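The structure appears right after this line, and notes come after that.
The values are calculated or read from the model by the stated rules, or taken from the named source; none is laboratory data. Keep in mind it's a predicted model, so treat the numbers as computed, not measured. Cβ: placed from backbone, ideal geometry, glycine included. Neighbour counts: every protein chain shown. Keep in mind that these areas ignore ligands, DNA and RNA; they rest on the heavy atoms of the full protein, side chains included. Shrake-Rupley method; radii C 1.70, N 1.55, O 1.52, S 1.80 Å.
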Amino acid sequence: MKPTPVSSIAERVRVVQSDAAKAQQFVADDLATVKAREEDLQAWVLIDENAPQTVGPTPAGPLAGVSVGVKDLIDVAGMPTRSGSTTTSPENKLSSAPCIELLESLGATVLGKTTTTEFGFFKPSKTRNPINGNHTPGGSSSGSAAAVGGKTLPLALGTQTAGSVTRPASYCGAAAFVFARQDVNLEGVDGMAKSLDSLGFLAQTTEDLNIAVAAFLNRPLTLTTGDVTVLLWPGSDIAEISPAMTGAINNAANLLTETGLEYCSFELTDHVATLTQDHPVIMAYEAYEKHGRLLNERPEDLSPQFRELLITGKGLSQEQYDSALSRTQRTDELFRSLLKPGTVIMGPAAQDAAPYGQESTGDPVLSRPWQALGYPVLTVPGARNATGMPLGIQLIGPPGTEAELFTVGKTLEEKLTEQHGGNESL
């Protein structure tokens, strides 16, 4: 059964501005839609049936009437944070993470907790891909991506340490934004690696995402396209890219040219390869710093994937870790000096469409270099392969280029929508 798409954030903002009482009805409608699709999607670990009643009669804020799904790595008062693991406490949290408090102050309403892979790593969750349930939704923000990609929810939160927002958004046909690491307080977020963790938002369209992110950062995030330069990165320097994804990137470049945006090649690929090699070193070392005790205390309660990560981290030396961090810092300094103001890098968000089966969540390799740098990344939906599965396109830039990312992203999604139409779901 095809779902009736929930109202866009843009529509909610327009309606609630003239009739604040409609905010509660939007949240009630979202709750009904989520519950109706949950048997198919399996995107939630906890749904708050009382969420509509928490919306006051005259809610204020730019996100009033917007329901939010929260990845179960992020603390919400009155709900447990299980992080996809049986080793965590089932007790409710007494306070919310600052990112949740900020969203609620903007008028948004938390609808519940969405699924995550174990501690944000590779053990698959129960969630199904909303476009085709025989394929993985990706990870680790699988529930958030499926809920939004399945058109049951206007906004969801994820976290990213490697490719945990970008990849599932690509697989599920959602728009997604990974914040520059410096821009978000991650207190109350059960991350994996302190030097790599970031917060992410997922929405149905780039326009909706733009509204939510601009409200969260409290600054406008659009420019004229004449202020932007696009650098084309094929991704083939670090991974095997499918013909379908390569075609999608080339098509995207041609569509942008039709709008007056010109592009040229991204030439710093040798540094991207180094970042890709150093990222898993930093991740494994810091994951062991945080979770290593579980190897001794509860190894039987850890998945083989997570145990292997911790064992790898345990075996790394301080020198290996420091060297990886130092190289990453030097590359960041180099990129910031060489990339002209207004520059946006465009490349594939994943190697291909979502892989068939539920045994794997896919490979985060194409996100590793940018996550190592802590750069903001926008995933643009709209492209598809020959079978109709989504192919996400990622836009990357140094911190401070968020407006450029959204300017190109909205333009690109409009052109892709004209070309392909909207995604179909289960």
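Structure data summary
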| quantity | calculated |
| --- | --- |
| Gap separating the Cα centres of the stretch 124-153 and the stretch 347-368, nearest whole Å | 13 |
| Candidate values (1) 4, 21, 31, 28, 14, 2, 0; (2) 5, 24, 35, 26, 10, 1; (3) 5, 20, 28, 23, 13, 7, 3, 1, 0, label of the one derived for P(r) over Cα pairs in 10 Å bins from 0, in percent | (2) |
| Cα→Cβ-extended label distance, 7 Å offset, between SER326 and SER360, nm | 3.5 |
| The chain - accessible surface per residue (Å², probe 1.4 Å) | 38 |
| LEU46 long-range amide H proximity, modeled H, under 5 Å | LYS113 |
| Value of relative contact order over the chain, rounded to a whole percent, pairs C-alpha under 8 Å and six or more apart | 19 |
| Difference of contour (0.36 nm per residue) and Cα-Cα distance, GLU91 to LEU334 | 82.9 nm |
| Cα-Cα over 28 Å, subset of LYS123/LYS290; LYS35/LYS410; LYS151/LYS340; LYS93/LYS410 | LYS35/LYS410; LYS151/LYS340; LYS93/LYS410 |
| Under-5 Å amide H pairs with GLY382, H placed in peptide plane, nonlocal only | LEU391 |
| Listed residues HIS135, HIS279, HIS271, most fluctuating in the chain (Gaussian network, C-alpha, under 10 Å) | HIS271 |
| Under the span-like rule (Cα at least 20 Å along the axis, Kyte-Doolittle mean at least 0.0), DSSP H helices of the chain | 243-258 |
| Percent of beta bridges antiparallel (DSSP, the chain, rounded to nearest 5) | 65 |
| Nearest-20 debye value, the stretch 55-124 charge dipole, Cβ charges on Lys, Arg, Asp, Glu | 160 |
| Expected 222 nm ellipticity per residue - DSSP helices of 4 or more, -39500 (n - 2.57), all of the chain, to 500 | -12500 deg cm²/dmol |
| Ordering of 40-48, 367-375 by burial proxy (mean other Cβ atoms within 10 Å per residue, highest first) | 367-375, 40-48 |
| Difference of contour (0.36 nm per residue) and Cα-Cα distance, GLU101 to THR259 | 53.0 nm |
| Among PHE177, PHE201, PHE306: highest mean-square fluctuation, GNM of the chain, C-alpha pairs under 10 Å | PHE306 |
| Sum of side-chain charges, GLN42 neighbourhood, beta-carbon under 11 Å (Lys, Arg +1; Asp, Glu -1) | 0 |
| Amide hydrogen neighbours beyond the local backbone of VAL110, cut-off 5 Å, H modeled | VAL68 |
| Directionally averaged projected area (convex hull, Cα atoms, the stretch 158-302), nm² | 11.3 |
| Rh (Kirkwood; distinct C-alpha pairs) - the stretch 35-86, Å | 13.2 |
| Net dipole in debye of the chain [+1 Lys, Arg Cβ; -1 Asp, Glu Cβ; about Cα centre; nearest 20] | 320 |
| Carbon + sulfur, % of accessible area of the chain - ligands and nucleic acids excluded, 1.4 Å | 49 |
| Mean Cβ count within 10 Å, highest first, over the residues of peptides 20-30, 107-117, 152-162 | 152-162, 107-117, 20-30 |
| Length-normalised contact order of the stretch 134-259 in % [C-alpha pairs under 8 Å, at least 6 apart] | 21 |
| Segment GLN53-ALA28, length gained on full extension (0.36 nm per residue, minus Cα span) | 8.1 nm |
